[in-house]
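Structure first, commentary second.
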Amino acid sequence: MKVALFIPCLSEHLYPESALSMVKVLSHIGAEIDYVDGQTCCGQPAFNSGYHKEIFPLAERFIELFHEKEYVVAPSGSCVAMVRKFYYDLDIRRDLHAARDELAGKIFEFTEFLVDVVKVEKLGGVFPHRVTYHDSCHLNRELGVHEQPRQLIRTIKDIDFVEMQQPDLCCGFGGTFSYKFKELSISMVERKCRYIEESGAEYCIGADSSCLMNIEGYLRRHNMRTKTMHIADLIATSLTNE
Amino acid sequence: MNLKASHTKSYIKQALNNDVLRAAVDKATRTAVKKRADKVDAIPYWEELRYRAHVIKRDVIEHLDTYLQQFETQAQANGIKVHWAIDAAEARKIIHAIAVKNNVKTVVKSKSLTTEEIHLNTFLMDRDIQALETDLGEYIVQLLDHIPSHLTAPALHLSRQDIGKLFHEKLGVDYTENPNELLSIARARLRKKFLTADMGISGVNFAIAESGCLTIVENEANARLTIGLPKVHIAVMGIEKLLPSFRELAVFLKLLAPSATGQKQTVYVNIIGGPLHTLLGEGPEQVHVILLDNGRSKILADPQLRETLFCIRCGACLNACPIYQQVGGHAYGWVYMGPIGATLIPQYLGVKEGRYAPFVSSLCGACFHACPVRIDIPHHLLKLRHKVVESGHSKAIEKIGIKAWAFLARYPMLYRVATWFPGKVQKLYKKPFPVPGYTKERAVGLFDGKGFRRRYLDNEKAKGAKNSKLI
Ligand code: SF4
């Protein structure tokens, strides 16, 4: 099984360790890793801000780079949703339509890939801490991935998994929304972080670095106790703990 | 109260600074979400119902001309007078003419967002026709000279204490915050009005094409009295409110009450079949229905966005929305608010006036999830954002920034340099860059300028070197 890595911008530049953890876990389950050099951005930030024609070339490049791979896996639900769903809203070159369809069928978010494609039942690993899980909106509602990360978390030994109040409540990031309507965005992340703290977890696990950046930023700025952790980091760390 | 959609940014700030409002909205939406979930979870075929409703509405909207004609013919056969209004002004003119002809001095109204949309109350008042809202929430909002802040719960932004104070000041009664007492105070005043009003005005929830009937659902019996007691009745409806027949109505009645108020069924389902029945000797002598376009046919022209006309105004998307939960409905600056309002504002008011509305969303999708008709609101917001940008209403600086970034991202080498450079600068600067508005309340990590690619390739190289040594 050959897995091509799709490393979204935030993972590339701000959270490279989480992406490396994903590589570790994928290697651990026996996947052969294929890094596609020359990848840049899928175009999501611009698309979400209403810019379409500016990103046709990016979407087209992306499709050309990835569509012939066996599997494409990314540590982010929203970037996968962009490629799988929102590329259909772009007027991309006709001759690439078939490739777009093909790619939509083989691009997966990390936890979705492990559970639905590889059918991982147990990864092993130990993590003797209390954790909670934040559902990222695109992953949960656009891709319908809700149970998969929880299933993976529960297989870890000694982990104390607790649900927070409204785990699927938006953290208020929303890309450019977070500074276009900053007060609103902050009021939302404040509420999210309150629920996280109330859960008593030491770590808030998430599957999308963008939400985690928002949550972590607020927790840190306000000296709250809970730390954030990408699910790839959680699994990779648990495996080393074993 | 006159709000402007183009002022949404300042309304949002005002709302966020208003703790009383926030507490009221938070409490009300929490309760609504919970009650809805309890009912919905108890219906095993809920998802099927949502799909069916979507398909029915799609059929109606795509064949609206046929259904409207059928409805008109049937309604006329039932003795209902059918009027067509291309815009708000025409609708008001028609209503005024009917009022003048019948020498109407007082009007009782049951809750209708469509009449809010055409600003009917102030229009009538200016012409010395007293128009009194009879839905409790609407009555409160009218006393305050507010507009509704929610599709189904107009006074949702107020606390019990607010209402107690209002009644005390405006109606001269002793202060009380007991909901039952407040209700009796309002009821006592309204009952008299029902008996003396010259005309009743209502909205329409569903108009039935096959039989030319109008359906109005409610919980307080005020719509029933509004329709039944005065001699003249006018129902105002948007042209999208049609259903093919009573068979489809069943699907929508099942969906509406749990979505709107977390009830199994609304308390009253009123069906207007026509004017005064000679045999029964009850009901209004004249029934008029106004079919209002007011921009709807323009929305209909867009094959994707026409889905926003499927809305049955249940308000579930508002209750589910983490933004609405923080700021309530007035922040949006128009009569339709919340997620669905954010899609309707630029479509009805134009992309210039409504340029902010589609951006007042984190695109979290909770609205779509809650919508009984499966309107994919986030998707429509994205399309409307695109329209705002295309029509030149985005900020110049943003446009330049995005164009430059998108250009760089086409060339991996350039992109790498462009993203490596800030990392280097940041190392010298020793602090993360401040992002206006973002970093004040949120810490950000440091770019290390190395990134995943470098690390990964270095790791691979090291592994390769180790392997070759082993050989
Ligand atoms: S968009 Fe859907 S959820 Fe929102 S008010 Fe309309 S029908 Fe209800």
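The values are calculated or read from the model by the stated rules, or taken from the named source; none is laboratory data. On a predicted model such as this, the values are computed, not experimentally measured, just so you know. No Cβ is skipped: glycine too gets one built from the backbone with ideal geometry, and neighbour counts run over all protein chains shown. Accessible surface areas use protein heavy atoms only, side chains included; no ligands, DNA or RNA. Shrake-Rupley method; radii C 1.70, N 1.55, O 1.52, S 1.80 Å.
Scoring A:I205 on the criteria (1) within 30 Å of B:Y356 (Cα to Cα); (2) in contact with a His (Cβ under 9 Å, 6 or more places away or on another chain) leaves a single failure, condition (1). What is the residue count in region A:66-80 for residues that are more than 10 Å from chain B (Cβ to nearest Cβ) and part of a helix (DSSP H, G or I)? Within region A:66-80, residues that are more than 10 Å from chain B (Cβ to nearest Cβ) and part of a helix (DSSP H, G or I) number 4. Annotation note: of B:A28, B:A32, B:A23, B:A5, the sole residue that is at pLDDT 95 or above, among the small types (G, A, S) and more than 17 Å from B:T152 (Cβ to Cβ) is B:A23. Summed over region B:91-113, residues that are under 23 Å from the mean Cα position of the chain (by Cα) and open to solvent by less than 10 Å² (accessible area, probe 1.4 Å) total 4.
Just checking, does region A:44-51 include any residue being within 18 Å of A:I235 (Cβ to Cβ) and not assigned by TED's automatic domain parsing to the domain that holds A:F173? No - not one qualifying residue is present in region A:44-51. Out of curiosity, is B:R374 part of a loop (DSSP other than H, G, I, E, B), in contact with a Lys or Arg (Cβ under 7 Å, 6 or more places away or on another chain) and at the interface with chain A (Cβ under 7 Å from one of its Cβ atoms)? Against the criterion (part of a loop (DSSP other than H, G, I, E, B), in contact with a Lys or Arg (Cβ under 7 Å, 6 or more places away or on another chain) and at the interface with chain A (Cβ under 7 Å from one of its Cβ atoms)), B:R374 does not qualify.
The single condition among (1) within 16 Å of the ligand (Cβ to nearest atom); (2) part of a loop (DSSP other than H, G, I, E, B) that B:L253 does not meet is (2). Scanning region B:307-323 for residues that are more than 7 Å from the ligand (Cβ to nearest atom) and in a loop (DSSP other than H, G, I, E, B) returns B:C321, B:P322, B:I323.
Of all the listed residues (A:I153, A:I159), the sole one being among the hydrophobic types (A, V, I, L, M, F, W, C), closer than 23 Å to A:T226 by Cα, outside the structural domain of A:G30 (by TED's automatic domain parsing) and open to solvent by 10 Å² or more (accessible area, probe 1.4 Å) is A:I159. On the given criteria, is B:Q326 within 14 Å of another protein chain (Cβ to nearest Cβ), more than 9 Å from the ligand (Cβ to nearest atom) and either crowded, with 24+ Cβ neighbours inside 10 Å or not in a loop (DSSP other than H, G, I, E, B) (or both)? Answer is yes for this residue. Of the residues B:L3, B:L49, the single one that is touching a residue at least 24 places away in the same chain (Cβ under 8 Å), in a loop (DSSP other than H, G, I, E, B) and not aromatic (F, W, Y) is B:L3. B:T439 passes all but one of (1) in a loop (DSSP other than H, G, I, E, B); (2) buried (at least 18 other Cβ atoms within 10 Å of the Cβ); (3) among the β-branched types (V, I, T); which number fails? It is condition (2) that B:T439 fails. The residues listed here are B:V444, B:V425; of these, the one that is of a type in the set (V, I, T), surrounded by fewer than 16 Cβ atoms within 10 Å (Cβ to Cβ) and at pLDDT 75 or above is B:V425. Look through region B:402-422, keep the residues that are loosely packed, with under 13 Cβ neighbours inside 10 Å and either at positive phi or over 40 Å from the mean Cα position of the chain (by Cα) (or both), and return whichever of them is modelled with the lowest pLDDT. Out of the qualifying residues, it is B:F421. Scanning region B:186-209 for residues that are part of a loop (DSSP other than H, G, I, E, B) and farther than 23 Å from B:A257 by Cβ gives B:A197, B:D198. For region B:293-306, filtered to residues that are within 14 Å of chain A (Cβ to nearest Cβ) and open to solvent by less than 40 Å² (accessible area, probe 1.4 Å), the residue that is nearest to the ligand (Cβ to nearest atom) is B:L305. When B:G333 is tested against the conditions (1) more than 21 Å from A:S49 (Cα to Cα); (2) within 13 Å of the ligand (Cβ to nearest atom); (3) open to solvent by less than 10 Å² (accessible area, probe 1.4 Å), the lone failure is (2). With respect to the conditions (1) in a helix (DSSP H, G or I); (2) of a type in the set (D, E, K, R); (3) within 16 Å of the ligand (Cβ to nearest atom), B:R416 lacks only one, and its number is (3). Taken over region B:346-381, residues that are among the hydrophobic types (A, V, I, L, M, F, W, C) and within 13 Å of the ligand (Cβ to nearest atom) amount to 9.
Here is a check on your reading of the model: is B:L183 open to solvent by 40 Å² or more (accessible area, probe 1.4 Å), touching a residue at least 24 places away in the same chain (Cβ under 8 Å), under 29 Å from B:V33 (Cβ atoms) and outside any strand (DSSP E or B)? So B:L183 passes the test.
Scanning region B:377-413 for residues that are out of contact with any Leu (no Cβ under 7 Å at 6 or more places or on another chain) and assigned to a loop (DSSP other than H, G, I, E, B) yields a count of 6.
As a summary of the residue check, A:D37 satisfies the conditions (1) within 8 Å of chain B (Cβ to nearest Cβ); (2) assigned to a loop (DSSP other than H, G, I, E, B); (3) surrounded by 23 or more Cβ atoms within 10 Å (Cβ to Cβ); (4) not hydroxyl-bearing (S, T, Y) except for the one numbered (3). A single member of B:L113, B:L124, B:L151 is in contact (Cβ under 8 Å) with a residue 60 or more places away in the chain and closer than 29 Å to B:L276 by Cα, and it is B:L113. The condition of being within 13 Å of B:S259 (Cβ to Cβ), open to solvent by less than 20 Å² (accessible area, probe 1.4 Å) and either at pLDDT 95 or above or touching a His at 6+ places or on another chain (Cβ under 9 Å) (or both) holds for only one of B:C321, B:C311, that being B:C311.
Only a single item in (1) over 26 Å from A:L152 (Cα atoms); (2) more than 8 Å from chain B (Cβ to nearest Cβ) is not met by A:Y51, and it is number (2). For region B:347-356, the set of residues classified as touching a helix residue (DSSP H, G or I) at 6+ places or on another chain (Cβ under 6 Å) and open to solvent by 10 Å² or more (accessible area, probe 1.4 Å) consists of B:Q347, B:L349, B:V351, B:E353, B:R355, B:Y356, listed by residue number. Of everything listed in (1) farther than 26 Å from B:H233 by Cα; (2) touching a residue at least 24 places away in the same chain (Cβ under 8 Å); (3) open to solvent by 90 Å² or more (accessible area, probe 1.4 Å); (4) not hydrophobic (A, V, I, L, M, F, W, C), the single unmet condition for B:K81 is (1). If the condition is being outside any loop (DSSP other than H, G, I, E, B) and open to solvent by less than 30 Å² (accessible area, probe 1.4 Å), then region A:113-137 contributes A:F113, A:L114, A:V115, A:V126, A:V131, A:T132, A:Y133, A:C137.
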